[in-house]
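The values are calculated or read from the model by the stated rules, or taken from the named source; none is laboratory data. Because the structure is a prediction, the values reported are computed rather than measured. All Cβ positions, glycine included, derive from the backbone under ideal geometry; neighbour counts span all protein chains shown. These accessible areas exclude ligands, DNA and RNA; they are computed on the full protein's heavy atoms, side chains included. Shrake-Rupley method; radii C 1.70, N 1.55, O 1.52, S 1.80 Å.
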Amino acid sequence: MRIYYNVSPPSAGPSSKKCEETLAIEEFLTSGNARNMCFEYDSLKLAKSKMTTVRSHCIRMNQTYCAYRRGKCIYILRKTRKDENP
């Protein structure tokens, strides 16, 4: 372990960047051109870990889309008004 004294702290500001999936979903929802989209990953393990990111973003966006995983693919479906109010 190393201990340092009298160091300058990092600059204040957002420390996290939006992931590629989050940016793609936001673009998908604002574009209005496509009804669905799919992320395909190289491994099942990576798809499972990215599904957590997609689900948390869905909750933050008040569930304006539906996401599910099949194998190495994550599918995103835009919710319509018919889907929101059965």
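Below is a table of values for the structure above.
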quantity	calculated
All lysines inside 27 Å of residue 18 as judged from Cα atoms, apart from same-chain residues fewer than 8 positions distant	45, 48, 50, 72, 79
Residues of region 20-35 with amide N under 18 Å of the 7 Å Cα→Cβ point at residue 70	35
Stretchable slack from residue 48 to residue 62, in nm (0.36 nm times residue separation minus alpha-carbon distance)	2.9 nm
Where 18, 50, 72, 45 fall by accessible area, highest first, once all protein chains stay in place (1.4 Å)	45, 18, 72, 50
